[in-house]
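The values are calculated or read from the model by the stated rules, or taken from the named source; none is laboratory data. Please read all numbers here as calculations on a predicted model, not as lab measurements. Here the Cβ positions follow ideal geometry from the backbone for every residue, glycine too, while neighbour counts run over all protein chains shown. Heavy atoms of the whole protein, side chains included, go into the accessibility calculation; ligands, DNA and RNA do not. Shrake-Rupley method; radii C 1.70, N 1.55, O 1.52, S 1.80 Å.
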Amino acid sequence: MQATPKRVRSFQFIVALFSLLLLIIVGVTFYEVIARYIFKTPTIWANELALWLSAILFLAAGLYAMQRDQHLRITVLYDACPAWLQRIFDLITLACCLTFCLGIAWFGAPSSWQSLMNWEPFGTAWNPPIPATVKPLIVLTTGLMALYAIINCVKRFLGTPADTAESVTEDNRVD
């Protein structure tokens, strides 16, 4: 059995922490259902908290998929093409990804900065600062996704295998 590098172990720990958000979301939602339908005392915070944590979790999951180069792909045509055409497809994919990610980051930055500086609330009875935290996270995440798209494309061009789950031994699985 090979030793797992410290970087991989620490990354797996961070992933495990983010996966705990799912348990918190389920617990909050379960509490809301019990409070609302059994005790007839709905909360003002459960829905917003579940939404807030879900947004953070979805952003982290997207970044994780990009970092591992394991995002959803439809490869029927890609796999049937010769290597030179696959590289062209990789460049087209990179251009589309960079256009989207950098567009979100560039055009979302002013709004997210304003939300952060004003500590913009959600506008409900509980009024948590969801926009003030999630908007900047969206900008940061899409910027990092653009960086990972470049790294993954360069790795494919160099023939370096991506950091996929198969490269980590079975004993060190997070799930």
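Structure values in brief
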| item | result |
| --- | --- |
| Rg and Dmax [Cα atoms of segment 16-105; Å; Rg one decimal, Dmax integer] | 20.2, 64 |
| Euclidean distance of C-alpha centroids, segment 82-142 and segment 19-52, integer Å | 27 |
| Mean ellipticity per residue at 222 nm, deg cm²/dmol - from DSSP H runs of n ≥ 4 across the chain, formula -39500 (n - 2.57) | -25500 deg cm²/dmol |
| Accessible surface, the chain, averaged per residue in Å² (probe 1.4 Å) | 67 |
| Highest-MSF residue in the chain out of 128, 42, 136 [GNM, Cα springs under 10 Å] | 42 |
| For segment 115-161, average projected area of the Cα convex hull in nm² | 4.2 |
| Sites matching trypsin sites (Lys or Arg not before Pro) across segment 1-42 that sit in DSSP coil, with at most 14 neighbouring C-beta atoms within 10 Å | 40 |
| Two-decimal Rg/Rh across the chain, once Rg and the Kirkwood Rh are taken from alpha-carbon atoms | 1.06 |
| Between helix 6-37 and the chain: long-axis angle, C-alpha atoms, 0 to 90°, nearest 10 | 30 |
| Value of D in µm² per second that Stokes-Einstein yields for segment 1-51, Kirkwood Rh from Cα pairs, at 10 °C (1.306 mPa s) | 121 |
